[in-house]
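In what follows, a structure is listed as structure tokens, so that the remarks can point back to it.
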Amino acid sequence: MTTGKLRAFVATVILAGASVAYADTPGSDWMPKEQAIQKLGKQGYAKSYLKADDGHWEGEATKGGRIYELHVDPHSGEITKSEPKH
């Protein structure tokens, strides 16, 4: 592999790693995690845990004695996925 190709390869790997790390970071225009958790509480969810993942808040919470996997829109706080865990 020539030096130029090696440099291009290394740069590509570094940029790919940077984009993956960014995907798991809350955006500057996202509602705070605490606010999203408060919205979940108003809908009957408790013991909520959220983290930034792939452009949304993702996590788990309990409701009615069951544990749910959740996705929450980071701008509106609306639940976009709510599935009971097995």
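Among the residues of the range 61-75, which ones are charged (D, E, K, R) and either surrounded by 13 or more Cβ atoms within 10 Å (Cβ to Cβ) or within 15 Å of residue 25 (Cβ to Cβ) (or both)?
63, 69, 73
Step by step: first the residues of the range 19-60, then only those that are surrounded by 10 or more Cβ atoms within 10 Å (Cβ to Cβ), of a type in the set (Gly, Ala, Ser) and more than 15 Å from residue 77 (Cβ to Cβ), then the one that is modelled with the highest pLDDT. Which residue is that?
Only one residue tops the list, namely 46.
Suppose we filter the range 58-75 for residues that are out of contact with any Phe, Trp or Tyr (no Cβ under 6 Å at 6 or more places or on another chain), of a type in the set (Gly, Ala, Ser) and in contact (Cβ under 8 Å) with a residue 12 or more places away in the chain; how many remain?
Residues meeting the conditions: 1.
The values are calculated or read from the model by the stated rules, or taken from the named source; none is laboratory data. The structure presented is a predicted model; accordingly, all values stated were derived computationally and were not measured. Positions of Cβ are backbone-derived with ideal geometry, glycine not excepted, and every protein chain shown enters the neighbour counts.
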